[in-house]
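Worksheet: one structure, shown below.
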Amino acid sequence: MKSKNREPDLLKELRNPKLKNKAFKDLLDLYQERLYWHIRKIVITHDNANDVLQDTFIKIYKGINNFKEQSSLHTWMYRIAYNESIRFLEKNKIKSSLNLNDGNNDYLNNLSQDVYFDGDEIQLKLHSIISKLSEKQQLVFQMKYFDDLSFREISEILDVNDNTLKSSYYSAVKTIEEEIVSDTLQTN
Amino acid sequence: MAKMNKKNKDHKEQSGNRFLKDDSQKRELVQEHKEYLGMDVPDDYFSKSKDTILNSIPIDNERTSKVIRLKPLIAYPIAASLLILVGIFVWLQIDTPAVNPKITNSEKIQSLDVDSEDFLVTSLLVEDDNLDAFLDDFIVNEILVEAELSEQQLENMIINSLFIEDSLLDSYINESLIENIVL
């Protein structure tokens with residue numbers, strides 16, 4: 001990925017007070033959209049995602065000098081985005097896709113009430129299937145499938161073993177496929 | 001549901017055992033999320049969001065300092081050099097004799113003695129025509145100054161004596177007088 005290749009230079013510029021603002025704008029150009037969609041799939045609605053995205057980038061700006069480079073810059077930012085999303089949900093006591101397993105339909109209700117959700121029956125069905133997965137499976141599936149992150153990157157973000165992630169992902173894929181096939185057979 | 005099935009079928013045909021989307025068909029994130037998850041964003045959202053974020057970041061860190069901070073490796077030698085220069089300047093100022101000396105101590109008296117000896121040597125080199133002028137200068141510069149010194153020393157002695165106890169006064173006067181006469 002082009003943006004990943006730019007990370008070392010970008011990091012140097014972000015740590016240079018004279019270049020920090022310009023580098024931060026470049027960072028926004030590169031990662032704003034990717035982080036937004038990562039957040040959106042956790043907090044569901046656009047308004048919530050917008051709030052969390054701003055908090056995330058403010059934390060990135062303030063914390064860039066404390067980044068110890070134990071992981072790549074983008075996985076560090078994804079981790080901040082993930083933590084901010086979870087913190088936002090806990091603070092506002094919002095049910096997300098990640099805690100739907102208690103049997104309520106808050107996730108789908110929130111989704112359908114979001115003015116920036118215009119999904120049809122098929123898309124709602126996919127959300128419904130995803131929401132039946134375990135918390136870990138949902139996260140891994142969305143990060144791998146929609147965010148195009150590698151298992152190693154997801155491992156760094158969630159601080160979970162690679163093999164565990166792979167197991168969760170393939171299990172999630174299998175479950176979704178079975179649900180879709182089952183739904184197709186019922187329809188026919 | 002037929003739409004999803006058709007879509008899934010198409011994707012399966014394109015990407016083997018996968019469904020929903022094909023990794024070889026990279027699309028814009030917005031399009032992808034809209035197509036597969038039904039999630040959309042307002043028009044021009046990311047551009048506006050970027051401005052909002054840039055406006056909300058703290059700008060205190062961006063202020064440039066008006067104080068120029070030198071690196072210690074450079075600053076310390078420069079500071080030390082300046083101190084040495086100032087010290088030399090002050091030392092030279094103290095060491096340089098005053099233009100119009102006012103004789104107040106015994107060091108000057110010793111220097112006058114040396115000058116008196118020099119006078120004899122110097123006078124041998126002065127021509128007869130200029131001898132009177134040379135003598136006048138010597139009297140004014142050396143003898144009158146020495147006389148003034150003696151007078152000042154006497155005054156100092158009297159002032160100092162005021163601080164001496166009565167019982168020591170006599171001996172103090174005698175010692176001071178002897179010193180003064182010898183000088």
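The values are calculated or read from the model by the stated rules, or taken from the named source; none is laboratory data. If you're wondering where the values come from, they're calculated on a predicted model, not measured in any experiment. Cβ sites come from the backbone with ideal geometry, for glycine too, and all protein chains shown count toward neighbours. In case anyone asks, the SASA skips ligands and DNA or RNA and just uses the protein heavy atoms, side chains included. Shrake-Rupley method; radii C 1.70, N 1.55, O 1.52, S 1.80 Å.
Out of the residues in the stretch B:35-51 that are open to solvent by 30 Å² or more (accessible area, probe 1.4 Å) and either touching a Cys at 6+ places or on another chain (Cβ under 6 Å) or part of a loop (DSSP other than H, G, I, E, B) (or both), which is farthest from the other protein chains (Cβ to nearest Cβ)?
Here the residue is B:44.
Residues to consider are B:34, B:71, B:102; find the one that is at pLDDT below 85, under 30 Å from residue A:129 (Cα atoms) and not aromatic (Phe, Trp, Tyr).
B:34
State yes or no: is residue A:148 at pLDDT 80 or above, at positive phi and surrounded by 14 or more Cβ atoms within 10 Å (Cβ to Cβ)? Full working, then the answer.
Details: at pLDDT 80 or above: yes; at positive phi: yes; surrounded by 14 or more Cβ atoms within 10 Å (Cβ to Cβ): yes.
Yes: the conditions hold for residue A:148.
In this structure, is residue B:60 open to solvent by 80 Å² or more (accessible area, probe 1.4 Å) and modelled with pLDDT of 75 or more?
No, not satisfied.
Of all residues being open to solvent by 10 Å² or more (accessible area, probe 1.4 Å) and part of a helix (DSSP H, G or I) in the stretch A:57-78, which is farthest from the other protein chains (Cβ to nearest Cβ)? Just the residue, please.
Within the stretch A:57-78, the match that is farthest from the other protein chains (Cβ to nearest Cβ) is A:76.
With respect to residue A:81, determine if the residue is of a type in the set (Gly, Ala, Ser), within 14 Å of chain B (Cβ to nearest Cβ) and either within 14 Å of the chain's Cα centre (by Cα) or open to solvent by 50 Å² or more (accessible area, probe 1.4 Å) (or both).
yes
The conditions are (1) in contact with a Ser or Thr (Cβ under 9 Å, 6 or more places away or on another chain); (2) at pLDDT below 75, and residue B:156 fails exactly one of them. Which is it?
(2)
With the requirement that a residue be surrounded by fewer than 16 Cβ atoms within 10 Å (Cβ to Cβ) and either in contact with a Cys (Cβ under 6 Å, 6 or more places away or on another chain) or at pLDDT 85 or above (or both), what does the stretch A:87-131 give you?
The answer is A:87, A:90, A:91.
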